1. Would you mind ranking 283, 30 by Cβ crowding within 10 Å, fewest neighbours first?
2. Along Cα→Cβ, 7 Å out, is where each label goes; now give me the distance between the ones at residue 148 and residue 205 in nm to one decimal.
3. Once region 188-300 is represented by equal point scatterers at the alpha-carbon sites, with solvent omitted, what log10 I(q)/I(0) does the Debye formula produce at q = 0.11, 0.12, 0.21 Å⁻¹?
4. With the Cα gyration tensor of region 271-398 in hand, convert its eigenvalues to equivalent ellipsoid semi-axes via √(5λ) and list them largest first in whole Å.
5. May I ask for log10 I(q)/I(0) of region 19-169 at q = 0.13, 0.17, 0.21 Å⁻¹, from a Debye sum over the Cα atoms as equal point scatterers with solvent left out?
6. Can you give me the P(r) profile for region 153-246? Cα pairs, bins 10 angstrom wide beginning at 0, each as a whole percent.
7. Compute the distance in nm between two label points, each set 7 Å from the Cα along the Cα-to-Cβ direction, one at residue 48 and one at residue 406.
8. Rank-order 412-418, 428-434, 216-222 by packing density, defined as the average count of other C-beta atoms within 10 Å over each peptide's residues, highest first.
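We did not get these values from a lab; they are worked out from the coordinates using the rules stated. Everything quoted here is computed from the prediction, not taken from an experiment. Note: ideal-geometry Cβ built from the backbone for every residue, glycine included; neighbour counts use all protein chains shown.
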Ligand SMILES: [Zn+2]
């Protein structure tokens, strides 16, 4: 017990990834939809001496403790003493950023609309809007107080956030349901309210899936919130989906599950973006790829990642996985979502489902409500598997190429009464360390084995029990690699000729 307590103290005191528990941040905003104006007051208190950086670009009438202040490059840096209170007042004209939308009936704020700290912090948010609005934000529960002219929403959320978002509309129809003790809410525009039941039904299915696969859902509430802007965002405790897409059938079948999975990866274990974004890769892998695999289409899904890599990533667009932050073009998508999903798939293949999911559960339990980076993922997998994975993570995260492998000198011989298959695997760029699955077909059955390759040219000798009819390397697209031109797999057939010709299949 004491040992556990000591470990806990060390984590809290010395980890740079812990959240700013010594800060209390209250934010009170009033939104004037008529004039598209937001008036805000941020009240910050500290329980120890700190220096805080706030992003305040585009704010007007900016004062700190009633003194006018001029930001430097959009930031203000303020020291705060223990017990001191900083009061930041500001105004902001909305609708001059494409992440904001405001009209008489709707307010969507997903950009910088409050003095944002560059660290995780718990916010206490209150928003006042004209009467008739229904508002939602990151919250476990929402308290509403109405007057004759306005409604004031106070959001209870005792968890740290990396950003704060707001969705409000006069046209919302709210429906509720629950899964275990999790409150499920649907905020759809009147004309789309018919979708609420389907979305809540699927939400329950995904919550059950991921609680079973990973750990309990991190929050008390999950809301599906329709947005005027064409977004597909997952925020802590809710998802914001654009009205242009909510009717599309694939949204409930894939995107909704993807956003719900982000509640674990990205929205409770937060991404340390400076160190690279790992969250899209694991979410893509355990959502989109996983659903394809459940339909028996996992192989096709992974092959498509490699086809897309060929199509979109050339020398101009090549980048390392570690440098991926956000997706702005198809090449970044292939790398940050696709190649990264394959990095996790290869780990799963190497260590098996039990160790793979045990590692993710450990990772979530250790890093919930904190920032985590690739190093933390590596550390967790090393602890669970007992293996040094420095080379594995280094080659896949830092290199900007992917393996390019061919087979040469294929021979089938009988030597001293043994049937031997020999071939040379050639890596055409600097060699990766890989565990390549090789499938050998005979008339009767097929067998698969893993071959570890580490060098540029590696001769492989396999002893066979019966003559092969076909040999395929990486039949199920388990290894991220360059596909040969016009080709899918590295394979060769027997029967027609015992040649070293590598054909496609
Ligand atoms: Zn995502």
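1. Details: 283 26, 30 16.
Ranked by crowding around the Cβ, least crowded first: 30, 283.
2. 5.0 nm
3. Log-scaled intensity ratios, in q order: -0.35, -0.41, -1.21.
4. Numbers: eigenvalues 102, 66, 36 Å².
Equivalent ellipsoid of region 271-398: 23, 18, 13 Å, largest first.
5. Ignoring solvent entirely, the Cα scatterers give -0.57, -0.98, -1.43.
6. 15, 49, 32, 3
7. 6.1 nm
8. Numbers: 412-418: 9.6, 428-434: 15.9, 216-222: 19.6.
For the peptides 412-418, 428-434, 216-222, the packing ranking is 216-222, 428-434, 412-418.
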